[in-house]
Structure formats: C-alpha cells, structure tokens
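> Handing you a structure now.
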Amino acid sequence: MSDDEKLVTPSTANSASAFTQAKQRLASHPDAKPETLEKLSDKSNSEVVTRVAENAQATASTLEKLSTHESSEVRSAVSKNPNTPNEVLTNLAHDESPDVRFELAGNANTPVEILESLKDDENPYVVDRAEKTLKSVKSVLEHADELLLNGSFAQAEDSYKTLIAALETLIGADHPEVAKARHKLAAALAGQEKGEEAQAVELRAQMTVEAVREAKLNAK
C-alpha cells in the first residue's frame, strides 16, 4: 500500500464527499450570487460545474466560458440555460457531441434560425427534436400573426396572451422573445382601441429589451 493510499481513510473520504455535495447544493441554489457561481465554475468536479451551468443566476460570461468545457454534460446544461447568449448557442449548434445539439434542439429558448439550422444536422434525433420544437413555437406564433394581419384583433389578443404565457413558462418573463410577443400583443390591443392597456404592454416590452441590453453590456 502506498503512502497516499494510507492517507485516504474512510473519515477523509467522507469529508471530501460531504464537501463536494455542499458545493453542488450551493451551485444549484436559486439565489446563488453570480460571483459565487463564477468561482465554482473553475472547480475540477464536473458535477459541481454542471450545476453552475444549469443555474439561472449564472452570468453570460460564465456560461460562455463553460460552453467550451471538456464535459459534454456541462455544455448541454449551458445550451438549456436561459441566460446563454445567442452567439454561444450558435456555436453549440456545431458542438461535436450530438447530446449537446440534441438538448439545444429541444430548448424553446433557442432562436428560430438556429433551430432551422439543426434541421440539417447529421444526427436524425437532433433533426427530429428541432422540427418538433419549431412546430410547437411556430404554430401558435404564426396563427397569432395571421389573425393580427387579418384584423382579427380580439382573437389575436387571445392567441398572443396564450403564447406569452407559454414562453414565460419555458424561458422566463424577461426574455427578448417574450418582449417581441408583447409588442405584437400591444398592436392587437391598439387595434381594439384599448389604448391604456396597449401602452402598458408596450412599455413592459421596451423595459425587457433595455434590461437584456444592459445585462449584455455588464457581462462584457
């Protein structure tokens, strides 16, 4: 038995395991501070780093760094995080691991143009998932847009509200795609002469856009 093996007692092994579990819990905490997650992202334990990549409090810069992590599980987690910048998602669409591309294809947060590109992926499972995600997003959106263009404002209002509720569940209320839907909802409301409500919805959309822009600037 080597000297190193003699040093690894059940007691020290249990202590190390408990410490790792504590870091995992910290990395998974919904109120974890971004700077704490950034520090944890440098740890060698891939399970801890994966929890960081999954955390909605992780900053764009942290997620960008983790998008090139050696572990495909970590990169898959990055592909599903609502804070991951579009340029990082674009790079992940070309990831060598089909598991990463599969997760990206199933993420409603993935921009439509990236989902469209994944329809040409070499892996049939990635293609199938991208097509299903596109269908679920486009079916509601296209129907609502068609109603708006046809002047069926009341029906368009209902459809956009349904779309917004679904998007908020999938990617969060303060996301650019949600802001776009709110902008169109404001148009549907204005078409019914619901001026005050339309202004309130449009203001919320603009605030979201500004918040996203500010977050991107702070992340640089």
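> So what does log10 I(q)/I(0) come out to for the chain at q = 0.10, 0.13, 0.16 Å⁻¹, using the Debye formula with one equal point on every Cα and no solvent?
Scattering profile of the chain, log10 relative to I(0): -0.56, -0.83, -1.09.
> Can I ask one more? What order do you get for Arg129, Arg204, Arg25, Arg101 when you list them from fewest to most C-beta neighbours inside 10 Å?
Least to most surrounded, the residues fall as Arg25, Arg204, Arg129, Arg101.
> What angle, in degrees between 0 and 90 and rounded to the nearest 10, separates the Cα long axis of helix 176-190 from the longest principal axis of the Cα atoms of the chain?
With both axes taken from Cα atoms, the answer is about 20 degrees.
Each value in this text was obtained by applying a stated rule to the coordinates, not by laboratory testing. Just so it is clear, the model here is predicted, and its values are computed rather than measured. Using ideal geometry, Cβ is built from the backbone for each residue, glycine included, and neighbour counts are taken over all protein chains shown.
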